[in-house]
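Worksheet: one structure, shown below.
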Amino acid sequence: MKTPLSDSFGMEHCLFAFSYMPEVVAEVTKAGGMGVLGALRFTADELEDALNFIDGEVDGKPYGVDIVMPASSVSKDKAGEFKADELLGTLKQMIPEDHRAFVDKILSEHGVAPLPEDEESASRELLGWTDTTARPQIEVAFKHPIRLLANALGPPPQDVVDEAHSRSIPVAALVGRTDQAIKQRERGVDIIVAQGTEAGGHTGDVAGMVLTPEVVEAVAPAPVLMAGGIGRGSQVAAALTLGAQGAWTGSVWLDTVEHAQPEGLTEKIHAATSSDTVRSRALTGKPARQLRTAWTEAWEDPSNPDPLGMPLQYMLNAQAQERIRRSNATELIGTPIGQIVGSMNETKTVREVVERLVAEYEQALGRIPR
Ligand SMILES: Cc1cc2nc3c(=O)[nH]c(=O)nc-3n(C[C@H](O)[C@H](O)[C@H](O)COP(=O)(O)O)c2cc1C
């Protein structure tokens, strides 16, 4: 599994793996792919620790960092005017009481206990969803030997792209439509991740089978990675035959030994079929594919309030999600995950997953009539 792009990074396999677990990122890189650490959930200090851990593990092999800087957001015009605390206070006031009451109602109907009082203030409501809160993450990332900077929501601000380029770090951006891909290239993004609707997390509504060759053609000769629904080697082979220079994966790493999560969630992932996800605004305010749960169903019910925009919906949910994770209300526990969940039935180590993908890729190539 090699392409000019993976060769340019010195990778053994053209396999990119998004994860917010430093252990998963390090293992993918050690196994010959490139782990990309999702920085969203980390404070600057935690990110520093996570990147120090990865640096200590990977022996100079390539890894990346992924940030979530919205191209437009409620904080964008005011970025610079705000410190994170002030921004949090201002945004909090924008959450309607009706929405807070609705969240309390769902939680009490499912018997979910409040957090202990001394922990309430520790709940992470804003994370790296805004320009103001993502910038300290970027500063930390640039102090480490990262080989790729990815952004979930289009191109990062121009000064961030320029700074990455001045350090010879290529910038990647996730897109769900061809016109977005063209725009990212105009803004200086080097690698386009064409993400089909099958994917876990924020997705558009175009299938990867259609999107990938369209994007490859539209941005040629820039390299494209295919994302969404890749959990088998045959799907990596499909990505390359569609013109992509590699596979960008996320969901498949949620079912690995190195990925820590509540046991109830792993059981739900094993039981889920490829029809058990939903593209919903319930988690972040933007359509994101996730496991269908009592939580997503409550937000989909038209008689209930509509989800808020980003980042307000996540702020509304942050504490609720923490309470759900600690409760026995497994009907509410969910995660962003893609349709590949239907093929995720057995927990393996990261290295086993990489080896399986490579072996299946070889078999798949053997099946192509020449
Ligand atoms: C649990 C989870 C969290 C994710 N969070 C982010 C994120 O913070 N930033 C990002 O760029 N992509 C995020 N994604 C999307 C992945 O980067 C990747 O594009 C996607 O998982 C690929 O599709 P797949 O899930 O079918 O493999 C997330 C995906 C999952 C499953």
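None of the figures in this text is laboratory data; all of them are computed from the coordinates on show. The structure displayed is predicted, hence computed values, not measured ones. Quick reminder, even Gly has a Cβ in these numbers, built from the backbone with ideal geometry, and neighbours come from all protein chains shown.
A simple spin-label model places pseudo-atoms 7 Å from Cα toward Cβ; at D306 and V210 they are separated by 2.4 nm.
Counting Lys and Arg as +1 and Asp and Glu as -1 over every other residue whose Cβ lies under 11 Å from the Cβ of H202, the net charge comes to +4. Remark: C-alpha extents of the range 124-249 on the principal axes read 38, 34, 26 Å, sorted largest to smallest. State the percent of C-alpha pairs, over all pairs in the chain, separated by a distance greater than 34 angstrom. Everything past 34 Å amounts to 23 percent. Net charge in the neighbourhood of V175 (other residues with Cβ under 15 Å of its Cβ; Lys, Arg +1, Asp, Glu -1) is -3.
Among 157-170, 179-192, how do they line up by average Cβ neighbours within 10 Å per residue, starting with the highest? Before the final figure, lay out each step's value.
Details: 157-170: 15.0, 179-192: 18.7.
Averaged packing, sorted descending, gives the order 179-192, 157-170.
Once Rg and the Kirkwood radius are both taken over the C-alpha atoms of the range 213-357, their ratio Rg/Rh works out to 1.02.
Between the alpha-carbon centres of the range 212-275 and the range 96-161 there is a gap of 24 Å.
For a quick protection proxy, order the peptides 17-24, 357-364 by their average other-Cβ count within 10 Å, most packed first. All intermediate terms of the calculation are to be shown ahead of the outcome.
Values: 17-24: 22.5, 357-364: 17.2.
Order by mean packing, descending: 17-24, 357-364.
The spread of Cα positions in the range 263-323, taken along each principal axis and listed from longest to shortest, comes to 31, 24, 18 Å.
Starting from the coordinates of the alpha-carbon atoms of the range 1-74, obtain the Kirkwood hydrodynamic radius over all distinct pairs and give the value in Å to one decimal. Please report the intermediate quantities before stating the final value.
Numbers: mean 1/r = 0.0784 Å⁻¹.
After inverting the pairwise mean of 1/r, the radius is 12.8 Å.
Pairs exceeding a 20 Å alpha-carbon distance, out of K61/K143; K105/K268; K61/K183: K105/K268; K61/K183.
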